[in-house]
1. Any chance segment 161-172 includes a residue that's under 30 Å from residue 254 (Cα atoms) and in a helix (DSSP H, G or I)?
2. Condition check: at positive phi and at pLDDT 80 or above. Does residue 93 satisfy that?
3. Select from segment 144-158 the residues that are at pLDDT 95 or above and either buried (at least 22 other Cβ atoms within 10 Å of the Cβ) or touching a helix residue (DSSP H, G or I) at 6+ places or on another chain (Cβ under 6 Å) (or both) and list them in ascending order.
4. Inspect segment 170-179 for any residue being at pLDDT below 95 and either surrounded by fewer than 21 Cβ atoms within 10 Å (Cβ to Cβ) or in contact with a strand residue (DSSP E or B) (Cβ under 7 Å, 6 or more places away or on another chain) (or both) and give the result as yes or no.
5. Considering segment 217-230 alone, what residues qualify as being under 15 Å from residue 253 (Cα atoms) and either in contact (Cβ under 8 Å) with a residue 60 or more places away in the chain or surrounded by fewer than 13 Cβ atoms within 10 Å (Cβ to Cβ) (or both)?
6. Which numbered condition in (1) surrounded by fewer than 18 Cβ atoms within 10 Å (Cβ to Cβ); (2) under 16 Å from the mean Cα position of the chain (by Cα); (3) free of Cβ contacts under 8 Å to residues at least 24 places away in the same chain; (4) part of a helix (DSSP H, G or I) is the only one that residue 109 fails?
7. Note down all Cβ pairs under 6 Å where the first residue falls in segment 47-72 and is under 22 Å from residue 103 (Cβ atoms), the second is outside any helix (DSSP H, G or I) and modelled with pLDDT of 85 or more, and they're at least six residues apart or on different chains.
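The values are calculated or read from the model by the stated rules, or taken from the named source; none is laboratory data. Note that the structure is predicted; figures quoted are calculated from it, not measured. When we count neighbours, we look across all protein chains shown, and the Cβ atoms used for this are built from the backbone with ideal geometry, even at glycine.
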């Protein structure tokens, strides 16, 4: 190991790419804090620690164990240009070990104080931190920063916000976010349903559960239409009706009518249209 380290540390700038793998291999092979200290000291001496790849590997290595995560924070302080990835790695490590105060401290006094721009992985971590600790005021601040940095329509961030407001008992605010979402997935529905149940609104939860079933079926139907598998779309629709799990809606009908039109089954399409009802969108499908 000593030979490999010496070879890596004596490299020149022109030979950096050649020695990079050896250097990173040496870093990864450290199995104790004493060995890591030796490598880290040499990295600083030779001015190599500021290399983003080396820094990220070093911090990731330290964050793999709760006992050494504070050391990762110290390394972070010495970086000239830290990024959101490194911040998220440290915050996630503190969350895993339930060291919530350290996670909050790092977020406010390291990441925000140093003006490190967040990414869409940052806010789910921070919102979870606020939610699990009942920090309502900090959660509201987190929501404000989500809007400030333009992540309010990111699906993962939006689901985290829905969960946070549901846990805080602000089910109305959670539903506003849910209804304003351009895209929803099963996590969105499950989070909202769980929020209603925990807030004692069982009837609303049941209604939303039924809607979720329709969304799931419609997603499958639309997928078959998109890949031009029209026959399978109609067979899937038959299974939907037979299962009794969900009532067809206009979105269902659009997919079914598109499949009928492409298969030349216009009479079947007209029957489907009559069974569910008219809408502007379905009339356009029939006219095509």
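1. Of segment 161-172, the ones under 30 Å from residue 254 (Cα atoms) are 162.
In the following step, the residues that additionally are in a helix (DSSP H, G or I) were identified as 162.
Yes, that holds for at least one residue.
2. Details: at positive phi: no; at pLDDT 80 or above: yes.
No; evaluated as a whole, the condition is false for this residue.
3. Correct list: 146, 151, 156, 157, 158.
4. Within segment 170-179, one or more residues are at pLDDT below 95 and either surrounded by fewer than 21 Cβ atoms within 10 Å (Cβ to Cβ) or in contact with a strand residue (DSSP E or B) (Cβ under 7 Å, 6 or more places away or on another chain) (or both).
5. Of all residues in segment 217-230, those under 15 Å from residue 253 (Cα atoms) come to 217-226, 230.
Residue satisfying the conditions is 226 alone.
6. (2)
7. Note: pairs meeting the criteria are 55/79; 66/97; 69/63; 72/63.
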